[in-house]
Amino acid sequence: LSILRRVGRQAEGAGLRAYVVGGCVRDLILKRKVLDLDVVIEGDAIVVARKFSSDRAGTLTVYPQFGTATVLLPDGRAVDFASARRESYLHPGALPVVVKGNIKEDLFRRDFTINAMAVAINPKHFGSLLDYYGGFDDLKSQRIRVLHGQSFVDDPTRILRAVRFEERFRFRMEPATLRLLRESLKRKAPATVKPQRYFEEFKKNLKEDRAPENLRRLSRLKALDFLEPSFKLEQRHRRLLREAPQTLLWADKHLIDWPSQNAWLVCLMIIFDGIAPARVARVLEKFAVANTDRKKIIGSLSCGNILVKLALSRREAFKAMRPLSVEEILFLRAKTLNVSARMRIQEHLLEWRHLKLQINGDDLKRLGIPSGKNYKIILDEVLYALVEGCCSSKSDQLARARDLCQQHQ
């Protein structure tokens with residue numbers, strides 16, 4: 001509130017009208033936590049952003065070609081400023097052509113009515129809700145509704161956003177919106193968007209807390225065809241998606257060093273499970289998925305062969321999981337229902353992968369062990385012994401290394 005009051009006063013001083021808009025208005029009404037603020041100015045937003053940044057010792061980033069600016073505050077919060085604008089689309093799926101407009105026109109360009117509300121923040125009208133398109137009633141009725149009949153045609157990424165908001169808020173698309181979405185899918189509207197842009201929007205669905213529900217809903221709508229023609233979730237995928245939330249919740253709770261935003265990779269591994277690596281590689285190449293992520297996803301396709309090794313010794317289980325990424329191992333955890341296998345997986349993630357030897361090649365050299373390829377073999381064997389609960393001290397590790405050296409001579 002203090003931020004918004006200050007911005008409102010500064011806009012008033014410049015003879016401009018200011019509004020907080022979009023998702024933060026929706027979340028305020030729903031009593032959800034608001035992280036970032038989006039401010040629209042009828043006039044030059046950069047003028048207000050500069051003044052606000054100066055007063056609050058913020059870091060200002062200006063995008064003059066778009067009439068927008070972002071102020072990053074010292075406490076890490078961000079306030080985005082934009083000049084009110086209206087937009088048009090030269091052809092379906094194109095990025096919009098933007099010109100200056102008023103607040104009503106600015107709200108009309110939004111994706112759904114629940115995101116097309118604004119609150120005035122100038123002092124005289126502070127807190128007044130602007131709701132030209134019925135967003136407040138739709139929020140209360142838990143409806144997702146587009147603002148006009150060309151919405152999904154103009155920007156097909158709204159197909160993914162509609163499902164994302166449905167699952168996040170437990171809302172449902174109202175009948176006319178659902179019909180428009182289905183029609184846009186039949187006309188292959190997603191194909192009008194650059195593949196990378198569409199995939200980046202899809203990743204946002206996979207990063208949601210209810211990502212499995214997102215995927216199931218998209219599959220029922222036949223909205224996963226953009227991956228490849230006639231793509232659909234099989235029974236094995238649906239089972240894995242039922243297991244995924246519990247696995248990802250476990251990871252969030254126990255794996256301090258694992259970024260939870262990588263959960264999207266695990267979900268993607270699930271929907272590609274059982275599909276030929278060459279097909280998956282083509283899909284990932286089409287969407288320009290980063291090489292590091294691509295390797296993990298392709299690697300997960302053969303992870304099923306590792307499950308049998310988890311029933312063997314701790315040494316064999318560790319050797320099987322050692323080359324895998326955390327995401328691949330979490331995929332394995334969702335894939336297996338075997339309790340002992342899950343225990344081994346959890347041991348690896350919580351303990352084994354963090355184990356470090358207290359000896360290195362220099363220690364082996366001091367023992368008189370000739371340098372060469374045997375160093376890796378010996379150090380690996382000592383590490384396997386550490387996994388099995390032996391050789392916890394440096395002296396024990398040196399003794400084991402000496403014994404191994406004699407065996408290799």
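The values are calculated or read from the model by the stated rules, or taken from the named source; none is laboratory data. Computed from a prediction, not measured in an experiment: that's the story for all the values here. Cβ sites come from the backbone with ideal geometry, for glycine too, and all protein chains shown count toward neighbours. Note: areas computed on protein heavy atoms with side chains; ligands, DNA, RNA excluded. Shrake-Rupley method; radii C 1.70, N 1.55, O 1.52, S 1.80 Å.
Residue count for the stretch 348-367, restricted to those that are free of Cβ contacts under 8 Å to residues at least 40 places away in the same chain and either over 23 Å from LYS394 (Cβ atoms) or aliphatic (A, V, I, L, M) (or both): 3. Of the listed requirements (1) open to solvent by 70 Å² or more (accessible area, probe 1.4 Å); (2) more than 20 Å from the chain's Cα centre (by Cα); (3) acidic (Asp, Glu), ASP225 misses just one: (1). Assess whether ARG50 counts as being under 20 Å from PHE126 (Cβ atoms) and part of a helix (DSSP H, G or I). No, not satisfied.
Within the stretch 121-158, the set of residues being in contact with a Gly (Cβ under 8 Å, 6 or more places away or on another chain) and open to solvent by 50 Å² or more (accessible area, probe 1.4 Å) comprises PRO123, PHE126, ARG145. Residues that are open to solvent by less than 40 Å² (accessible area, probe 1.4 Å), under 19 Å from the mean Cα position of the chain (by Cα) and without any contact (Cβ under 8 Å) to a residue 40 or more places away in the chain do occur in the stretch 262-273, at least one of them.
The C-beta contact set for the stretch 1-14 (first residue of a type in the set (Asp, Glu), second residue open to solvent by 10 Å² or more (accessible area, probe 1.4 Å), distance under 9 angstrom, 6+ apart or interchain) comprises GLU12/ASN122; GLU12/PRO123; GLU12/LYS124. Of everything in the stretch 347-370 that's open to solvent by less than 70 Å² (accessible area, probe 1.4 Å) and under 20 Å from ARG322 (Cα atoms), which residue is farthest from the chain's Cα centre (by Cα)? Result: ILE359.
If we scan the stretch 75-93, do we find a residue that is more than 30 Å from MET173 (Cα to Cα), free of Cβ contacts under 8 Å to residues at least 60 places away in the same chain and of a type in the set (A, V, I, L, M)? Yes, the conditions are met somewhere in the stretch 75-93. Scanning the stretch 195-210 for residues that are over 9 Å from the mean Cα position of the chain (by Cα) and outside any helix (DSSP H, G or I) yields a total of 2. The set of residues in the stretch 306-322 that are surrounded by fewer than 17 Cβ atoms within 10 Å (Cβ to Cβ), touching a residue at least 12 places away in the same chain (Cβ under 8 Å) and of a type outside the set (D, E, K, R) comprises LEU307, ALA311, SER313.
Listed by first and then second residue, the pairs linking a residue in the stretch 373-399 that is without any contact (Cβ under 8 Å) to a residue 24 or more places away in the chain to a residue that is among the polar types (S, T, N, Q) and surrounded by fewer than 18 Cβ atoms within 10 Å (Cβ to Cβ), with Cβ atoms under 8 Å apart and 6 or more places separating them unless they lie on different chains, are LEU379/ASN360. Residues of the stretch 289-305 being among the aliphatic types (A, V, I, L, M) and either within 9 Å of MET269 (Cα to Cα) or open to solvent by 60 Å² or more (accessible area, probe 1.4 Å) (or both), which ones? ILE297, ILE298, LEU301 - these are the residues of the stretch 289-305 that are among the aliphatic types (A, V, I, L, M) and either within 9 Å of MET269 (Cα to Cα) or open to solvent by 60 Å² or more (accessible area, probe 1.4 Å) (or both).
For the stretch 84-132, the set of residues classified as modelled with pLDDT of 95 or more and part of a strand (DSSP E or B) consists of PHE112, ALA118, VAL119, ALA120, LEU129, LEU130, listed by residue number. Listed by first and then second residue, the pairs linking a residue in the stretch 54-70 that is surrounded by 12 or more Cβ atoms within 10 Å (Cβ to Cβ) to a residue that is charged (D, E, K, R), with Cβ atoms under 6 Å apart and 6 or more places separating them unless they lie on different chains, are THR70/ASP80. Where helices (runs of 4 or more DSSP H) sit wholly within the stretch 216-304, those with at least 2 residues that are under 27 Å from GLN346 (Cα atoms) occupy 235-254, 263-271, 291-300.
Summed over the stretch 341-380, residues that are closer than 30 Å to ALA251 by Cβ and not in a helix (DSSP H, G or I) total 5. Is it the case that some residue within the stretch 74-81 is assigned to a helix (DSSP H, G or I) and open to solvent by less than 50 Å² (accessible area, probe 1.4 Å)? Looking through the stretch 74-81, none of the residues is assigned to a helix (DSSP H, G or I) and open to solvent by less than 50 Å² (accessible area, probe 1.4 Å). If you filter the stretch 101-120 down to residues that are crowded, with 19+ Cβ neighbours inside 10 Å and of a type in the set (S, T, N, Q), you find that the one that is farthest from ILE41 (Cα to Cα) is THR113.
Residues of the stretch 1-41 being more than 18 Å from VAL71 (Cα to Cα) and assigned to a strand (DSSP E or B), which ones? Of everything in the stretch 1-41, just one residue is more than 18 Å from VAL71 (Cα to Cα) and assigned to a strand (DSSP E or B), namely ARG17. Applying the criterion of being open to solvent by 50 Å² or more (accessible area, probe 1.4 Å) and within 13 Å of ASN360 (Cα to Cα) to the residues of the stretch 371-380, the residue that is farthest from the chain's Cα centre (by Cα) is SER371.
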